[in-house]
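A.B. asks: Right, I'll just put the structure down here and ask away after.
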Amino acid sequence: MLIRKDYDPIPSSQITSESHYYERRMLMKLAAAAAVTVASPLSATLAFAKNKSRPGLELTSYDQITTYNNFYEFSLDKEGPSKLGQKFKSDPWSISVGGEVQKPLTLDIETIMKKIPMEERIYRFRCVEGWSMVVPWVGFSLSSLLKQAGLTSKSKYVEFETLFDPKQFPGQNRNFGSIPFPYREGLRIDEAMHPLTILAVGLYGKELLPQNGAPIRLIVPWKYGFKSIKSIVKITLSDHQTRSTWNQIAPNEYGFYANVNPAVDHPRWSQARERVLGKFFKQDTLAFNGYAKEVAYLYKNMDLTKFY
Ligand code: MTE
């Protein structure tokens, strides 16, 4: 198991989260060294690559990332998911990749973890509501999974679907009026194959908690958070633009692309600035959430006020 040795210097305000992180890292090391069977096979296989990403990003604390959540399958407020998710069962779990592919497949999480090396990615995360955070995700490039199914000339869009299980997700029992479950999200194939796009299985070196989308979720760091769909069970490749829950609910407010863009406001609020969780003062929002250099070329001939 590869354990990363370094970490960005973290300011004193983050000491709690840092010590938490190292404590866990030690536990993992001990578990591996003693060949102890840990509670879940995932914990033992999470591996860390040396941090090559963005120095200077200040991590949001583990507590904040895991107690301030949007997960409507559990609840409509921010505090509900961490409480209502405590009994959520994500083991066993499998994920299917089908539609316009050469070889449809269904893999359980353990197989994915064995086949694909995990790495750590420290990314900014910006919610369309105007708050943001910085998260050390653990995961792997979505492209490595899609390549296993084999793309065809008809693999032009990718649709993701969250588990539909009203016994586990109280929010799916209630009629919230307008949210059509299962939650679905979509990407264009070049976005899906982009190296920054990952499937995350952990954060801060721990397995994802239910409220953050256990056991596997999408992370597309240059897009608003609602694109980063949680608890995925199904991935379908398609030759036409796929469904997106928020785009279906309110197309004038939430576009299919949903690239972070300080110059295009939400109809009901400005997107120019954002509040970082745990910080008092707001900061400027960055084009493509700070990843313009890596991704702006994907949209070079598109009017981003139209394709928001
Ligand atoms: N995925 C599902 N299945 N259901 C949801 O309600 N909320 C989205 C996204 N993924 C959501 C989801 C929104 S609006 C955001 S901002 C992020 O998850 C929040 O992720 P976090 O709770 O891990 O911060």
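A.B. asks: GLY202 passes all but one of (1) farther than 19 Å from ILE95 by Cβ; (2) within 13 Å of the ligand (Cβ to nearest atom); (3) of a type in the set (Gly, Ala, Ser); which number fails?
C.D. replies: Exception for GLY202: condition (1).
A.B. asks: Identify, please: which residue in region 258-289 is under 11 Å from TYR224 (Cα atoms) and in contact (Cβ under 8 Å) with a residue 60 or more places away in the chain and is, among those, surrounded by the most Cβ atoms within 10 Å (Cβ to Cβ)?
C.D. replies: Selected residue: VAL260.
A.B. asks: If you go through region 101-135 one residue at a time, how many are more than 16 Å from the ligand (Cβ to nearest atom) and in a loop (DSSP other than H, G, I, E, B)?
C.D. replies: Adding up the residues that qualify gives 6.
A.B. asks: So LEU208 passes all but one of these: (1) touching a Pro at 6+ places or on another chain (Cβ under 7 Å); (2) at pLDDT 95 or above; (3) open to solvent by 40 Å² or more (accessible area, probe 1.4 Å). Which condition number does it fail?
C.D. replies: Evaluating LEU208 over (1) touching a Pro at 6+ places or on another chain (Cβ under 7 Å); (2) at pLDDT 95 or above; (3) open to solvent by 40 Å² or more (accessible area, probe 1.4 Å) leaves (3) as the failure.
A.B. asks: Quick check on this structure: which one of LEU304, LEU237, LEU298 is farther than 23 Å from ASN70 by Cα and surrounded by 17 or more Cβ atoms within 10 Å (Cβ to Cβ)?
C.D. replies: LEU237
A.B. asks: If you don't mind, another one. Specify the residue that is most open to solvent (accessible area, probe 1.4 Å); the eligible residues are those in region 182-199 that are more than 9 Å from the ligand (Cβ to nearest atom) and assigned to a strand (DSSP E or B). Walk me through how you get there before you give the answer.
C.D. replies: Of all residues in region 182-199, those more than 9 Å from the ligand (Cβ to nearest atom) come to 186-199.
From what is left, the residues that are assigned to a strand (DSSP E or B) are 186-188, 198-199.
Values: GLY186: 2, LEU187: 1, ARG188: 35, ILE198: 1, LEU199: 0 Å².
For region 182-199, the residue satisfying everything is ARG188.
Let's see how each residue does on (1) under 11 Å from the mean Cα position of the chain (by Cα); (2) under 21 Å from THR106 (Cα atoms):
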position: GLU185; (1), (2): no, yes
position: ILE189; (1), (2): no, yes
position: ALA200; (1), (2): yes, yes
position: VAL233; (1), (2): no, yes
position: HIS240; (1), (2): no, no
position: THR245; (1), (2): no, no
position: ASN252; (1), (2): no, no
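A.B. asks: Looking only at region 82-100, decide whether some residue is away from the ligand (no atom under 16 Å from the Cβ) and assigned to a helix (DSSP H, G or I).
C.D. replies: There is no residue in region 82-100 that is away from the ligand (no atom under 16 Å from the Cβ) and assigned to a helix (DSSP H, G or I).
A.B. asks: Further question on the same structure: For region 106-123, which residues satisfy the criterion of being closer than 20 Å to PRO221 by Cβ and open to solvent by less than 50 Å² (accessible area, probe 1.4 Å)?
C.D. replies: The answer is ILE116, MET118, GLU120, ARG121, ILE122, TYR123.
The values are calculated or read from the model by the stated rules, or taken from the named source; none is laboratory data. Everything numeric in this text was worked out from a predicted model, so none of it was measured. Quick reminder, even Gly has a Cβ in these numbers, built from the backbone with ideal geometry, and neighbours come from all protein chains shown. Side chains are part of the model used for accessible areas, which takes the heavy atoms of the whole protein and leaves out ligands, DNA and RNA. Shrake-Rupley method; radii C 1.70, N 1.55, O 1.52, S 1.80 Å.
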